[in-house]
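The values are calculated or read from the model by the stated rules, or taken from the named source; none is laboratory data. The shown structure was predicted, so the numbers you read here are calculated from the model rather than taken from an experiment. All Cβ positions, even for glycine, are placed from backbone atoms using ideal geometry, and neighbour counts span all protein chains on display.
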Amino acid sequence: MNRWAMLLFLAVVVAAFLSPFASPHPDGLERVAEDLGFLKKGESPVLQFSPMPDYTVATINDERVSTALAGVTGTLITLAFVWGWMKLISKF
Amino acid sequence: MHIPDGFLDAKTAVATSAASLAALKYSMTKVKEELGERDVPSLGVMAAFIFAAQMVNFPVMAGTSGHLLGAALAAILFGPYSASLILSAVLIVQCLFFQDGGITALGANILNMAVAATFVASCVYSAVKKLKFAGSEIAAVFLSAWISVLVGAFLTSVELALSDTVPLNAVIAPMMLVHAVIGIGEGIITCAAVGYVRRFLDGKSGACVNSDAGGGVN
């Protein structure tokens, strides 16, 4: 098996099986924003068109399954995006 | 440390977007010179791996989490130019599809995490590696990862202050402190991931291993 295919497989495994168990706590910036009282400034996204906001799939109720599905989808979208972008760069 | 909409004012958003665009344009010309078509899949996989790893928040301190940034990981393995494009792609996907990082802050997020963090990581990695002491390789990887997170946190703080969201003297210390802790996790994961990828690259290579970045198989 191609070595890069193995790393891709590992990425999908991480997205599917580790991301649902990620710490739900705020990240560093959110923590600081909360402590210093400016978190609320960032609570209204300008455009709400993201199909999977906060890494969840709306139609799936089980939180872990929803996150896993969003994670795997995002991993594959990222793969396709970079693949396509780099292909374009190398050709033109 | 993805900045959401609402944290940055218009001038900061425009200035950071312009800087990011210029940097990415330059990176694209460099990547075009360096890359062959056979490197395309490996860059895609690296980006996919970083996206997945960024979803896994690990706990740091009480009630706070952090996750891998991946800027140093990509910069060490592929050089700063490819790394900046990989990280930008991850940030664009997160912003558009998952509402992680505001669309108006995308330029700033790219500047902080995809441009500055990858370039500084590359420089730190090369500089420490050149010292050639026992364990300099792993020290170079760890330090470059740790510092890359601090660079992002520093720029984020400056942008928040320029936007009058919060005074610099209030935000800088807590931002650097929390990210100094998150950076330890970044360092550990980056060392493990670089070791893993290097081990399988030792055999056959479909990867672009950039000598400018001091990358390469030992």
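Report, by residue number, each residue of the range A:29-50 that is surrounded by 17 or more Cβ atoms within 10 Å (Cβ to Cβ) and more than 7 Å from chain B (Cβ to nearest Cβ). Within the range A:29-50, A:E30, A:A33, A:L39 qualify. Annotation note: Cβ proximity below 7 Å between a residue of the range B:1-14 that is over 9 Å from B:L160 (Cα atoms) and a residue that is hydrophobic (A, V, I, L, M, F, W, C) and modelled with pLDDT under 95 (sequence gap 6+ or interchain) occurs for B:D5/A:V46.
Have a look at B:S27, B:S17 and point out the one that is among the hydroxyl-bearing types (S, T, Y), more than 19 Å from B:A192 (Cβ to Cβ) and surrounded by fewer than 23 Cβ atoms within 10 Å (Cβ to Cβ). Walk me through it before giving the result.
Values: B:S27 fails: surrounded by fewer than 23 Cβ atoms within 10 Å (Cβ to Cβ).
After ruling out the rest, the residue left standing is B:S17.
Among the listed residues B:A192, B:A121, B:A140, B:A114, which satisfies the condition of being at pLDDT 95 or above, closer than 23 Å to B:Y81 by Cα and in contact with a Lys or Arg (Cβ under 8 Å, 6 or more places away or on another chain)?
Values: B:A192 fails: in contact with a Lys or Arg (Cβ under 8 Å, 6 or more places away or on another chain); B:A121 fails: in contact with a Lys or Arg (Cβ under 8 Å, 6 or more places away or on another chain); B:A114 fails: in contact with a Lys or Arg (Cβ under 8 Å, 6 or more places away or on another chain).
Being at pLDDT 95 or above, closer than 23 Å to B:Y81 by Cα and in contact with a Lys or Arg (Cβ under 8 Å, 6 or more places away or on another chain) holds for just one of B:A192, B:A121, B:A140, B:A114, which is B:A140.
In the set (1) in contact (Cβ under 8 Å) with a residue 40 or more places away in the chain; (2) buried (at least 17 other Cβ atoms within 10 Å of the Cβ); (3) over 18 Å from the mean Cα position of the chain (by Cα), the condition left unmet by B:G152 is number (3).
Condition first: farther than 15 Å from A:L10 by Cα and either surrounded by fewer than 24 Cβ atoms within 10 Å (Cβ to Cβ) or facing chain A (nearest Cβ under 7 Å) (or both). Now tell me which residues in the range B:44-84 satisfy that.
Once the filter is applied, which keeps residues that are farther than 15 Å from A:L10 by Cα and either surrounded by fewer than 24 Cβ atoms within 10 Å (Cβ to Cβ) or facing chain A (nearest Cβ under 7 Å) (or both), the range B:44-84 yields B:N57, B:F58, B:P59, B:V60, B:M61, B:A62, B:G63, B:T64, B:S65, B:G66, B:H67.
Identification of helices (runs of 4 or more DSSP H) wholly contained in the range B:48-115 with 2 or more residues that are touching a Cys at 6+ places or on another chain (Cβ under 9 Å) and within 18 Å of B:G152 (Cβ to Cβ) yields B:106-109. In the condition set (1) charged (D, E, K, R); (2) in contact with a Phe, Trp or Tyr (Cβ under 9 Å, 6 or more places away or on another chain); (3) facing chain A (nearest Cβ under 7 Å), B:E34 is compliant with all but (3).
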